Amino acid sequence: FGLMASSWVGQWRSSAWVVSTCLLVALLTCTLRCSECVTLSNIILILTDDQDVEMGGMTPMKKTKELIGDAGVTFSNAFTATPLCCPSRSSIITGKYPHNHLVRNNSISGNCSSTAWQKEAEPFAFPVYLNKMSYQTFYGGKYLNQYGSKDAGGVDHVPPGWDQWHALVGNSKYYNYTLSVNGKEEKHGDNYEKDYLTDLVLNRSLHFLEERSPNHPFFMMLCPPSPHSPWTAAPQYQQSFSDVKAPRNGSFNMPGKDKHWLLRQPANPMPNSSIEYLDNAYRRRWQTLLSVDDMVEQLIKKLDSIKELNNTYIFYTSDHGYHTGQFSLPIDKRQLYEFDIRIPLLVRGPGIKPKQTLQSPVLNIDLSMTILDIAGANLSTVNMDGQSFLPQMVSAPWLRNGTERPFFLVEYTGEGHSSEDPSCPKLGPGLAECFPDCVCEDAFNNTYACVRVLKDANLQYCEFADNESFVEVYNLTSDPHELENIVKKVDPALLQIMNQRLIKLQSCTGDSLYLCSGFFFFFSSFCQHICTKPLFISNHGMK
C-alpha cells in the first residue's frame, strides 16, 4: 500500500505540474494577446505581378532581400495555389483554393471580379475582418484583372473593408491607365513624375502613413504592376541589365516529351525569333523590378522615421511565377511546373529573428490567415482554407498552435477562344495566349489539378481534364527540372494514393481545414488499418 500511495502521489505531482504548466502557458498567451490589444502590430503586404523565383526573378531585388529577407525570414518553399493572376489574387484575398472561391481565370465569364464574386466572396475577404478590428486599411495598385470594367460594376464599386482605395482598372499598366480612387474615376497619362504606377502607389502609401490616426494600427496592400507586361521601366532604369539574357539551364529550350499535348506543340529547338523575344522580355522584366526595389527602401525609411518600423510586419511576395523558354514555351505562366508555381516570400516583423530561411511549405492561401493571426483574430471563426504560418516565424512558437502540411493542392482551369487565332489558323480553335511563331501557352483543356508533396518525398502528381485523362508525375529529388514524366514507371499503388489525396483536396473547404491542409492522410492511413476494404476506390480520371 505504501508503494501504491507513493506512486499515486508521484502521479498527482506529475499531473499537477502538467496542469500548472498549461495554466502558465494559457496565462502567457492571454498576456501576449492582451498586450497586443493595446499595441496591435501594423501589417504591409507587397504583391508583385508575375515575379518568379526559379528563373532569377529576385536577382534585381538587392534592397528588398537586405531590408526584408535579411531582417527576417525567407521561405524557400512558397507556392501559389494557381498560376494565374485573377484566381491567384482571389485566393490571397479570400484565403481559399480556386475550387472554393470559384474564380477560374482572368475573364468575367471565369468569375474574375464578377458581380457574383463581389456579392459572395468580397464580404468575407480578410480586409473586412481587419477593418472591423479597427485597422486602418489602404489599397494601391492592381486588384483583379476585370476590376472596374462595365460588366464588373465600373469604378464605383469599392470592395468592403478598405478605407483608402486606389485600384487600377483592368490589367497591369505603367502609363495611360485609369484608377478607381475611393469609387471615383481618375485618368492618368504618360508623364513619369505624375503617372508611373509603381511610384504612384508608393507616394500615395506614404501619404496614407502621414495622414493615418496614430491611435489605430494600419494595414496596407501595395500591388505594383512589375514585372508584368508591357514591361515599361522607369526612365532611369531603361538601360539596366543590357547584357542579361534568360538563363539557359534546366528545362530551357527542351522538348515537352511525355507531357500534356500543349507542351508537345512548340517547335524544338526554338527559332531565333522566339529566343530574341523572350530574352528581351526577361531583361525588361528585371528593369521594371528596380522601381519596386526602390519602393521597398522608401517605405521602410518612412516607417523608421515615423517610429513604426519595429511594430510592422512586412510581407513581400508575388501572385505566381513565370517562365521564359522552359520546355520551348516563350513567355507566360499557367503551367504546373516549379517555375510557374513557386513564388518569392520574405517577411520581417516583431518577434521574427533575422536571416532565417524556412523550408516548411506555405501557400498564398495562407497569407490571409497569417495576417489575421497577427491582428489577433479568432481564427476558428474564419472560414478559410489556409493556415497561419506565424508560428513558424515568431521566436516563441510554443505560444501558438501551428502545424506543417505534408502536401497541398495546385489547380488551374484553362482558357481558350472558340474561334481560331487568325495569325495561327493551323492550330484551330480552343487555344489562347499565342505568341510569336504560333506557340500557344493556354487552351480550354489545359485544365489540371496537382498534389505537390514535400514532406518525406519530393513529388508532383497531376491529372488533366481532357480526352486523354492525361497524368504527369515527377520525382523532383532525382529530376529537379521535371524533364521526365515517370507515370509509367512508378508503382501503381503510389498512383492510387496520390489520386486519393487529390480527390480529397479538391473537395476540401475551410470548414474541414484538416482536409485543405493535407492532414486527412493520417486519418485515412489509420482507417485503412482497421477497415477490411480500402477507404477510397477510384480510377485515375479527373474528378
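The values are calculated or read from the model by the stated rules, or taken from the named source; none is laboratory data. In this text, all values refer to a predicted model and were calculated from it rather than measured experimentally. Here Cβ is always computed from backbone atoms with ideal geometry, including for glycine, and neighbour counts include all displayed protein chains. Only protein heavy atoms, including side chains, enter the accessible area calculation; ligands, DNA and RNA are left aside. Shrake-Rupley method; radii C 1.70, N 1.55, O 1.52, S 1.80 Å.
Using a 1.4 Å probe over the heavy atoms of the protein chains, calculate the carbon and sulfur portion of the accessible area of the chain as a whole percent.
Here carbon and sulfur together make up 55 percent of the probe-accessible area.
How much net charge surrounds Thr74 when only other residues with a Cβ under 13 Å from its Cβ are counted (Lys, Arg +1; Asp, Glu -1)?
Working: positive: Lys65, Arg342, Arg348, Lys353, Lys355; negative: Glu66, Asp70.
Here the count lands on +3.
Quantify how much of the Cα-Cα distance distribution of the range 112-158 extends past 17 Å, in percent. Provide the component values of the computation, followed by the final result.
Numbers: 419 of 1081 pairs.
Of the Cα pairs, 39 percent sit more than 17 Å apart.
Local charge sum around Ser242 (other residues, Cβ-Cβ under 13 Å, Lys/Arg +1, Asp/Glu -1)?
Details: positive: Lys245, Arg283, Arg284; negative: Asp243, Asp279.
Net local charge, Ser242 excluded: +1.
What ranking, highest mean first, results for peptides 457-466, 285-294 when packing means the other Cβ atoms within 10 Å averaged over each residue?
Working: 457-466: 20.1, 285-294: 23.9.
Highest-to-lowest ranking by the protection proxy: 285-294, 457-466.
Roughly speaking, what is the centre-to-centre gap between the range 155-210 and the range 427-503 when only Cα atoms are used, to the nearest Å?
Answer, in whole Å: 38.
Which value results when the Cα radius of gyration for the range 67-142 is divided by 2.2 N^0.38 Å?
So the Cα radius of gyration is 1.27 times the expected 2.2 N^0.38 Å.
Please list the non-local residues whose amide H lies under 5 Å from the amide H of Gly250, H modeled 1.01 Å from N, same-chain partners needing a gap of 5 or more.
HN-HN under 5 Å from Gly250: empty list.
Under the rule of at least 5 residues apart or a separate chain, name every residue whose amide H is placed under 5 Å from the amide H of Phe79.
Here the answer is Ile343, Val362, Leu363, Asn364, since their amide H atoms fall under 5 Å of that of Phe79.
Mind listing the long-range amide H neighbours of Leu45? Cut-off is under 5 Å, sequence gap 5 or more, other chains count too, H placed in the peptide plane at 1.01 Å from N.
Under 5 Å from the amide H of Leu45: Met220, Met221, Leu222, Phe315.
With Rg and the Kirkwood Rh both taken from Cα atoms, where does Rg over Rh land for the chain?
That ratio equals 0.99.
Which helices count as membrane-span-like in the chain under these terms: full DSSP H, at least 18 Å along the axis by C-alpha, Kyte-Doolittle mean of 0.5 or more?
On the way: long enough: 2-38 (53 Å, 0.94); 197-211 (21 Å, 0.19); 272-305 (51 Å, -0.69); 492-506 (21 Å, 0.26).
Within the chain the helices that satisfy the rule are 2-38.
Whole-Hz ³J(HN,Hα) for each residue in the range 243-251, computed from phi via Karplus 6.51 cos²θ - 1.76 cosθ + 1.60 with θ = phi - 60°, x for glycine and proline: what do you get?
9, 7, 10, 4, x, 9, 9, x, 9
Nearest 5 is fine: what % of DSSP beta bridges in the chain come out antiparallel, could you say?
So the antiparallel bridges in the chain amount to around 60 percent.
Heavy atoms only, 1.4 Å probe, whole protein assembly: order Asp491, Asp385, Asp156, Asp70 by accessible area, highest first.
Asp156, Asp491, Asp70, Asp385
Measure off 7 Å from each Cα along the Cα-to-Cβ vector at Leu494 and Asn378, then give the distance between these two points in nanometres to one decimal.
4.5
Can you check what the net charge comes to around Thr447, using other residues whose Cβ is under 11 Å from the Cβ of Thr447 (Lys, Arg +1; Asp, Glu -1)?
Here the count lands on -3.
Run lengths n ≥ 4 of DSSP H only: what is the helix-derived mean residue ellipticity at 222 nm for the chain, with -39500 (n - 2.57) per run over all residues, to the nearest 500?
Result for the chain: -9500 deg cm²/dmol, rounded to the nearest 500.
Over the chain, what is the mean sequence separation of C-alpha contacts under 8 Å (at least six apart), divided by residue count, expressed as relative contact order in percent?
19
Of the listed peptides 331-343, 162-174, 126-138, what is their order by residue-averaged count of other C-beta atoms within 10 Å, with the highest listed first?
So the order, starting with the most tightly packed, is 331-343, 162-174, 126-138.
What lysines does Lys62 reach when the alpha-carbon gap must be under 30 Å and sequence neighbours fewer than 8 apart in one chain are set aside?
Lys142, Lys173, Lys194, Lys245, Lys301, Lys302, Lys307, Lys333, Lys353, Lys355
Please work out the Cα center distance from the range 303-319 to the range 270-293, rounded to the nearest Å.
Here the two parts' Cα centres lie 30 Å apart.
Using only the Cα atoms, work out Rg/Rh for the range 308-456, with Rh taken as the Kirkwood radius, to two decimals.
Rounded to two decimals, Rg over Rh is 1.09.
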